[in-house]
1. For the chain, modelled as a GNM with alpha-carbon contacts under 10 angstrom, which of 16, 131, 72 fluctuates the most?
2. Taking only Cα atoms and a 10 Å spring cutoff, compute GNM fluctuations for the chain and point out the largest among 111, 226, 203.
3. Determine the order of 217, 124, 196 by accessible area, beginning with the largest, at a probe radius of 1.4 Å.
4. Quick one: grab the alpha carbon gyration tensor of the stretch 51-145, order the square roots of its eigenvalues as a ≥ b ≥ c, and give me rounded if a/c is under 1.5, else prolate or oblate depending on whether a/b is larger than b/c.
5. For the chain, what is the calculated [θ] at 222 nm in deg cm²/dmol (nearest 500), taking -39500 (n - 2.57) for each run of four or more DSSP H residues and dividing by its residue count?
6. How many angstrom separate the Cα center of the stretch 175-205 from the Cα center of the stretch 213-289?
7. Under the √(5λ) rule applied to the eigenvalues of the Cα gyration tensor, what semi-axes describe the equivalent ellipsoid of the stretch 132-175? Give them in Å, descending.
8. How far apart, in nanometres, would the label points at residue 168 and residue 118 be if each is projected 7 angstrom from Cα along the Cα-to-Cβ direction?
Amino acid sequence: MDKKRILSGITSTGKLTLGNYIGALQNFVKLQDEFEMYIFVANLHGITMPIEKEVLRNNIKTIVALYFACGLDPKKANVFLQSDVSEHSELGWILTCNTTLGELQRMTQFKDKSAKAKASNGTDFIPTGLLVYPALMAADILLYDADYIPVGADQKQHVELTRNIAERMNNKFGPLFKMPEVYTPKVGARIMDLQDPTSKMSKSAKNEKGVIFMLDDAATIQRKIKSAITDSDNLVHFDPENKPGISNLMTILSAITGDGLDKIESNFSGKDYGVFKQAVADAVTNLLTPIQERFQTLYNSTEVDNYLMAGAANAKSVASKKLNKVKNLVGLNYRRK
Ligand code: ATP
Ligand code: LTN
């Protein structure tokens, strides 16, 4: 039987965080033995907001090296840059034409990011890309007939919209697209900011103190975790509503070690927050140190460029067939039936 397909990507807007790892990357690596994988750097999504070209280039290079440093195996996974497979943009346009303004305006990410853009530049400068972004994301997914989309909780709404667009196109033009399903981690689908545990840990956060970056050194990780906002109960207990800071640290520890939340509660019963935070900091450091070592070698390796070229060629052969089918059914290829 053919393997089911996995597709996902990470946007090249900044330095990857522990949230990106736990919510997405960790699952990419776990799933590669069982599934046919298409994993890309969403660099077209990465130009949605203005970004300096040198920063963009470096973000792309860093994400690619981190993908492989985390264990993505080029023999098992097709890893590529979104912009190297032009079918993404082409199908993106066709899907944009089949998506309504209302649907796009209802996206939480659009509402949040456009509000932030307005607040930061004080004008109405909101790039159209920010609005139509989910139609491009739908194209990324539907081009490959992907079965599962490993992402964090914040991307669920976009996958839901993708399903709606697919259903609409299938009804209008005949069976074209497979219905993708979102795949989120059981623990860690939404890692929170260490300084504001009611907001998502995000690579574009203003205050870096609350964000663990995958390339932070051990001392920085220890410092950030030790100064994470908690409460004064001194009780390691999972209660996201009343104890968001401690619950977030427990989630991080659980997602990294695989220990259940109950086990963590009992392991730390009667111990104070200092001991608990030290254990979390050690787990994060033990996870990231070997990744960082492999990253150093991969960052400047030309071998990585070969992996990307091979990944893009495989992706393109799948994507071009699909795009051609869509063009036929939509009526764009007038020469063929
Ligand atoms: P930005 O701040 O630019 O929006 P981001 O940090 O939210 O970036 P994305 O590129 O949007 O990162 O996300 C890449 C993947 O990581 C997505 O699957 C997303 O759901 C997941 N992810 C991002 N942040 C978290 C988080 N805090 N917890 C769990 N998953 C996350
Ligand atoms: N929008 C996603 C990145 C992304 C993606 C995709 C994820 C772009 N295209 C297709 C899964 C499938 C984000 O994490 N910001």
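1. Maximum fluctuation in the GNM of the chain, among the listed residues, is at 131.
2. In this elastic network of the chain, the residue with the biggest mean-square fluctuation among 111, 226, 203 is 111.
3. My answer, sorted largest first, is 124, 217, 196.
4. It comes out oblate by the Cα gyration axes.
5. So the helix-based figure for the chain works out to -16500 deg cm²/dmol.
6. Cα centroid of the stretch 175-205 versus Cα centroid of the stretch 213-289: 19 Å apart.
7. So the equivalent ellipsoid measures 18, 11, 9 Å along its semi-axes.
8. 2.4 nm
The values are calculated or read from the model by the stated rules, or taken from the named source; none is laboratory data. On a predicted model such as this, the values are computed, not experimentally measured, just so you know. Backbone-built Cβ (ideal geometry, glycine too); neighbour counts: all protein chains shown. Note: accessible area is taken over every heavy atom of the protein model, side chains too, but ligands, DNA and RNA are not part of it. Shrake-Rupley method; radii C 1.70, N 1.55, O 1.52, S 1.80 Å.
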